[in-house]
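Here is the structure we will look at.
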């Protein structure tokens with residue numbers, strides 16, 4: 001048996017590795033925010049829908065309905081954008097870490113491919129819920145549960161593949177036992193804490209978004225402001241506090257040679273990690289103050305920025321984990337660089353244009369809204 | 001050869017075919033449909049026709065579901081699938097064209113947002129804003145096609161890129177423009193077919209008849225212009241690719257012959273249906289033309305994929321993940337010594353060796369049985385004959401990559417193939433000379449067509465042919481490995497039928 005990790009593509013990479021890394025982190029961070037809103041929104045709207053379905057209190061039911069519908073109407077767009085911002089980091093991941101990604105994908109080919117029907121069905125269901133969810137009966141409740149179930153399954157599969165990709169030492173045992181692509185990563189001690197950490201984060205980030213919308217509504221004296229702020233803060237604070245547990249679980253589940261660099265072994269990685277662990281504490285304290293403040297929006301806003309920075313810090317920490325895990329097999333600096341600067345510039349220019357065009361379309365759409 | 005091969009019970013190509021054809025069909029509707037929507041909306045507004053405007057609005061909703069849900073998700077699907085089926089090829093396309101993909105992503109991003117704003121913005125935007133968003137959608141979607149076309153056409157005709165490695169040489173390759181016109185016009189044709197779907201969902205009279213004829217014209221213009229572009233493309237593809245459709249690859253030959261007929265049938269049905277007799281052309285006819293559209297599209301894409309064989313990227317990368325510049329290294333040490341994802345197997349265990357070889361060298365395209373299965377191919381041969389064919393496979397079967405294994409590996413692979421379920425262990429004597437010809441000669445020769453056997457044995461008597469079979473083995477020709485009785489049968493039949501027919505024919 002030969003070394004299983006395929007060599008880097010001889011065609012090299014058409015730009016410096018740092019550039020692709022930066023794009024990977026940027027697009028992955030955006031993907032996470034969107035994914036968090038999608039998953040968190042689906043879960044919160046499902047719970048609110050269930051409350052509206054079960055509750056006898058008319059006022060409470062109406063409140064839950066409004067909140068559930070607010071999320072449900074936004075889920076299809078969030079879905080489309082989550083996928084759009086998911087393919088971009090996947091592209092950069094393949095550019096830099098292709099040998100690991102493709103190998104793990106084949107090792108677990110069937111579950112990986114099942115993402116496609118899952119995406120199709122779940123995305124369709126978000127439209128069904130958005131367009132036909134005005135009623136709060138059992139049928140709609142079932143659709144809402146299906147959406148949450150579909151999203152969790154997709155997350156489960158993606159997390160498996162990203163995990164298998166980081167374990168070349170486990171490939172041979174899996175693949176040579178059965179090459180028909182039916183493996184998962186459940187034997188990895190870091191699998192469950194990792195998945196849990198991502199999913200709980202989704203609730204927290206969505207809570208933050210809800211709190212922001214609530215505080216803005218409160219500012220503008222629009223209905224539901226106070227409730228959404230409080231509910232959002234609760235959805236933010238509780239999961240984020242719980243993240244300390246899931247995060248620590250993930251950390252200690254990592255192999256020692258991967259964990260230690262985060263705890264002093266690798267100074268830049270340690271600093272980023274420590275900052276990323278401190279920021280959410282500050283963010284949570286700020287949120288608590290926001291709830292007591294006369295005008296909550298500025299503090300909620302500050303809290304959200306701290307959370308945003310946390311997210312970037314965690315993305316960078318995750319990258320450090322990946323680099324340390326794969327250090328024995330591969331280093332980014334070994335990739336041959338064959339720059340295509342004119343193409344890179346064309347992309348940069350077009351990206352700015354795209355942001356402008358999308359910004360303009362979003363603006364005219366929102367301005368046209370009569371809330 | 002570098003990545004693990006997914007061990008599927010069926011040929012990988014089937015998976016690609018299903019996902020790719022559906023995606024490409026919808027993706028083209030998404031492009032042409034964008035133009036259809038904005039042009040029809042403009043027309044409705046100019047005519048101040050609220051009924052037509054309402055039809056466009058309802059059409060746009062179905063269009064959104066088709067384009068975003070099925071188009072975008074199956075697009076991700078095709079990417080996942082090619083990554084599973086051919087990681088080396090996917091990696092080559094990504095490493096050459098990362099920036100092109102990022103550029104395509106920018107257009108895709110604009111396209112997605114524009115589609116959402118367009119569909120949700122009917123009551124929120126001014127007419128002018130709405131039309132502008134419609135144009136943004138179409139332009140972004142079309143540019144997305146323009147970019148992907150560069151990458152797909154590169155696979156068949158990488159052109160100067162092979163020596164320069166310049167991304168622009170690869171992108172604006174010899175078939176770039178013809179492919180772009182084919183795809184753009186097909187997109188318009190398919191948009192018309194999809195427009196028929198919306199039209200026939202309405203009561204006759206409420207603009208239905210007008211809309212059917214209008215959509216039929218879109219289809220016919222698209223189909224006609226795309227067909228012309230196909231002729232241009234045909235002249236631009238490599239001669240080796242065209243040869244595959246002249247017998248080298250029997251299935252490609254058949255499909256290439258049937259594609260224009262299927263397209264013509266489609267055009268005739270559109271003319272006789274929604275264009276001339278719209279009242280009699282309801283949903284069943286629309287379903288028929290949509291189905292035929294998908295069928296024609298599938299055939300066209302199949303030909304494009306088929307004629308590229310044995311390459312993923314012509315003259316650079318073979319379908320089994322072997323790069324052209326790796327052939328010598330592999331031939332020197334053999335496949336198992338050079339391929340990565342192989343199990344340690346005792347050199348004496350030929351069957352286990354063969355199983356490993358089948359997976360790394362064959363299973364990228366072939367299954368054990370069924371479509372593209374090898375069990376039926378080797379049935380009726382002896383392992384020695386199969387071994388001989390494997391060693392010469394690139395000459396005998398043009399769509400096949402070269403055999404880069406050792407002689408022992410060829411033997412091990414043949415042994416493995418011969419113990420597959422359904423392969424008889426004993427080779428029975430063929431019923432007659434014709435059956436012997438089918439078994440021994442027809443895999444590579446024809447009578448009167450491709451590699452005409454008559455030319456090789458012209459004027460020879462049966463006895464001479466019998467003798468010839470003794471020493472015919474060469475780099476290109478396998479030895480005769482059957483029994484003496486079969487050899488006699490075959491020689492007699494060839495001498496009496498093939499050789500003589502040829503002479504008389506002259």
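The values are calculated or read from the model by the stated rules, or taken from the named source; none is laboratory data. This one's a predicted model, so the numbers in the text were calculated from it and none came from an experiment. Please note: Cβ atoms are built from the backbone with ideal geometry, for glycine as well, and neighbour counts cover all protein chains shown.
Condition first: in contact with a helix residue (DSSP H, G or I) (Cβ under 9 Å, 6 or more places away or on another chain), in contact (Cβ under 8 Å) with a residue 24 or more places away in the chain and either within 7 Å of chain A (Cβ to nearest Cβ) or not in a helix (DSSP H, G or I) (or both). Now tell me which residues in the stretch B:82-99 satisfy that.
B:84, B:86, B:87, B:96, B:99
Could you look through the stretch B:391-421, keep only residues that are under 14 Å from residue B:477 (Cβ atoms) and part of a helix (DSSP H, G or I), and pick out the one that is farthest from the chain's Cα centre (by Cα)? Write out each step before concluding.
In the first step, residues of the stretch B:391-421 are kept if they are under 14 Å from residue B:477 (Cβ atoms); the result is B:391-397.
Checking which are part of a helix (DSSP H, G or I) leaves us with B:391, B:393-396.
Details: B:391: 26, B:393: 21, B:394: 20, B:395: 22, B:396: 21 Å.
The selected residue is B:391.
Look at residue A:149 and say whether it is out of contact with any helix residue (DSSP H, G or I) (no Cβ under 7 Å at 6 or more places or on another chain) and more than 14 Å from chain B (Cβ to nearest Cβ).
Against the criterion (out of contact with any helix residue (DSSP H, G or I) (no Cβ under 7 Å at 6 or more places or on another chain) and more than 14 Å from chain B (Cβ to nearest Cβ)), residue A:149 qualifies.
Can you confirm whether the stretch A:79-97 contains a residue that is more than 30 Å from residue A:325 (Cβ to Cβ), within 23 Å of the chain's Cα centre (by Cα) and within 14 Å of chain B (Cβ to nearest Cβ)?
Looking through the stretch A:79-97, at least one residue is more than 30 Å from residue A:325 (Cβ to Cβ), within 23 Å of the chain's Cα centre (by Cα) and within 14 Å of chain B (Cβ to nearest Cβ).
Go through the stretch A:12-68 and give me each residue that's over 20 Å from the mean Cα position of the chain (by Cα), crowded, with 18+ Cβ neighbours inside 10 Å and within 14 Å of chain B (Cβ to nearest Cβ).
Passing the criteria: A:13, A:14, A:15.
If you take the residues in the stretch A:61-103 that are out of contact with any helix residue (DSSP H, G or I) (no Cβ under 7 Å at 6 or more places or on another chain) and within 25 Å of residue A:208 (Cα to Cα), which one is modelled with the lowest pLDDT?
A:62
Do you know which of the residues in the stretch B:144-158 that are in contact with a helix residue (DSSP H, G or I) (Cβ under 6 Å, 6 or more places away or on another chain) and farther than 22 Å from residue B:33 by Cα is farthest from the other protein chains (Cβ to nearest Cβ)?
Checking each candidate, the answer is B:153.
For the stretch B:1-48, name all the residues that are farther than 16 Å from residue B:191 by Cβ, touching a residue at least 40 places away in the same chain (Cβ under 8 Å), surrounded by fewer than 20 Cβ atoms within 10 Å (Cβ to Cβ) and more than 11 Å from every other protein chain (Cβ to nearest Cβ).
B:10, B:14, B:16, B:17, B:45
Between A:154, A:209, which is within 14 Å of chain B (Cβ to nearest Cβ), touching a residue at least 24 places away in the same chain (Cβ under 8 Å) and closer than 19 Å to residue A:45 by Cα?
On inspection, the qualifying residue turns out to be A:154.
I'd like the residue in the stretch B:65-81 that is more than 23 Å from the chain's Cα centre (by Cα) and within 7 Å of chain A (Cβ to nearest Cβ) and, out of all such residues, is surrounded by the fewest Cβ atoms within 10 Å (Cβ to Cβ).
B:65
Checking residue B:353 against (1) more than 30 Å from residue B:499 (Cβ to Cβ); (2) more than 14 Å from chain A (Cβ to nearest Cβ); (3) buried (at least 18 other Cβ atoms within 10 Å of the Cβ): exactly one of these is not met. Which one?
The single condition residue B:353 does not satisfy is (2).
I want to confirm something. Restricting to the stretch B:112-143 and keeping residues that are within 12 Å of chain A (Cβ to nearest Cβ) and within 27 Å of the chain's Cα centre (by Cα), which single residue is farthest from residue A:364 (Cα to Cα)?
B:143
Going by what's in this entry, would residue B:54 be described as surrounded by fewer than 24 Cβ atoms within 10 Å (Cβ to Cβ), without any contact (Cβ under 8 Å) to a residue 24 or more places away in the chain and assigned to a helix (DSSP H, G or I)? Steps first, please.
Values: surrounded by fewer than 24 Cβ atoms within 10 Å (Cβ to Cβ): yes; without any contact (Cβ under 8 Å) to a residue 24 or more places away in the chain: yes; assigned to a helix (DSSP H, G or I): yes.
For residue B:54, the condition - surrounded by fewer than 24 Cβ atoms within 10 Å (Cβ to Cβ), without any contact (Cβ under 8 Å) to a residue 24 or more places away in the chain and assigned to a helix (DSSP H, G or I) - is met.
Among helices (runs of 4 or more DSSP H) lying entirely in the stretch B:323-370, which contain 2 or more residues that are free of Cβ contacts under 8 Å to residues at least 24 places away in the same chain?
It comes to B:327-333, B:350-357.
Does residue B:298 count as crowded, with 22+ Cβ neighbours inside 10 Å and either outside the structural domain of residue B:17 (by TED's automatic domain parsing) or part of a helix (DSSP H, G or I) (or both)?
no
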